[in-house]
Structures are given as structure tokens and as C-alpha cells.
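The values are calculated or read from the model by the stated rules, or taken from the named source; none is laboratory data. Since this is a predicted model, take the numbers as computed values, not measurements. When we count neighbours, we look across all protein chains shown, and the Cβ atoms used for this are built from the backbone with ideal geometry, even at glycine. Surface areas here come from the heavy atoms of the whole protein model, side chains and all, with no ligands, DNA or RNA. Shrake-Rupley method; radii C 1.70, N 1.55, O 1.52, S 1.80 Å.
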Amino acid sequence: MAEACWYVVHTYSGYENKVKANIEKSIENRHLEEQILEVRVPLEDVVEVKNGVQKTVQRKMFPGYVLLNMVMNDDTWYVVRNTRGVTGFVGPGSKPVPLTEAEMANLGIQSTNVEVDFREGDMVTVTGGVWKDTVGVIQTMNESKQSVIINVELFGRETPVEIGFSEIKKA
């Protein structure tokens, strides 16, 4: 399988979060979780002073743009390009150009790999988040998203839950 890279998509200004939600819904509906790994609208904290009151707010770093970590192929290109609010990929003509390592570092996106001491079938305990102290068996691991899917018992039923590597430990 081809390597996933970060791409930039141009959107209508003000529609960044709507485009992100639409792409994530398309990923789920078309089962492209292994090809489109992450959709991100980069935000930065800015201190605003209004009427003498300081307030920290989050502002979009690049209004009109959404970042995608994805494997570029005909299916993923089609899904993203035909999402409502997307005007096109950033690149010459209609050819998307992936971000370089240097550009990703400037955005604060690291492509680090985390070494873990667990694998599919292992019993793990959740150490943080909503599912803290929950014990489950790893069903699938996604190295690129750095997450696992474990089954937890919820209302007497086994329910799959996605948890990040940093929030689990081997039981």
C-alpha cells in the first residue's frame, strides 16, 4: 500500500469545520478509514483584548484550508474533491502536491512512530479519557493513527471503542 502524506484542500472561507465533518462522514460511510487517516483544521490560541478584558480564543491558522493525512488514489481523491465546500487540492492544475517534512514541522505536525509493548489480542487497561480504568482486548491496531480498537462492555453488550496509544497500558 502507498504511503500516507499530508495534503492541503482549499475550501470556501468559513466552511472549514463543515468540510471536515463532511469528509469524516464520507470516510465512515465509504469505509476509507485505512486510506484517509486524519482531517485537521489547524487552530492557534490568540489573546484578544475587548473592553479592557483579556480573553484567549482559538483562531484558524489558515482560513479557507483543511489538512488531510491520506493515501492519494482515485477513490480518496474523488471523495475529497466532491465534498460540498471543497474547491480543490492545493497544487498545480488538478494535481495535489503533498506537504514536505519541513512544511509539516513548521505546522507542528510530527510524523513520529511510537513503539508499543502490546499487539492485537492483548488485554489492556485504559489510563485516560472517558474510558479510564476500563479493561478490554485489542481487536485491531492502526499504526498510522496511533490508536487501537478495543471491545468494552456497555449496557451488557460488547461495543468497539477507538483509543489512542498514549491512553492505554498492558494489563
*Does any residue of segment 82-101 turn out to be surrounded by 15 or more Cβ atoms within 10 Å (Cβ to Cβ), modelled with pLDDT of 90 or more and either of a type in the set (Phe, Trp, Tyr) or assigned to a strand (DSSP E or B) (or both)?*
yes
*Taking segment 129-169 as the region of interest, how many residues are in a loop (DSSP other than H, G, I, E, B), closer than 30 Å to Val71 by Cα and not hydroxyl-bearing (Ser, Thr, Tyr)?*
4
*Among the residues of segment 23-80 satisfying the criterion of being in contact (Cβ under 8 Å) with a residue 60 or more places away in the chain, among the hydrophobic types (A, V, I, L, M, F, W, C) and not in a loop (DSSP other than H, G, I, E, B), which is nearest to Cys5 (Cα to Cα)?*
Met70
*Working only within segment 1-39, note down all residues that are of a type in the set (Phe, Trp, Tyr) and more than 16 Å from the chain's Cα centre (by Cα).*
Tyr12, Tyr15
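Kindly provide the set of residues from segment 1-23 that are under 21 Å from Tyr65 (Cβ atoms) and open to solvent by 80 Å² or more (accessible area, probe 1.4 Å), ordered by number.
Tyr12, Ser13, Tyr15, Asn17, Lys18
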*Evaluation of Phe118 against (1) open to solvent by 40 Å² or more (accessible area, probe 1.4 Å); (2) touching a Lys or Arg at 6+ places or on another chain (Cβ under 9 Å) (one fails), failing number*: (1)
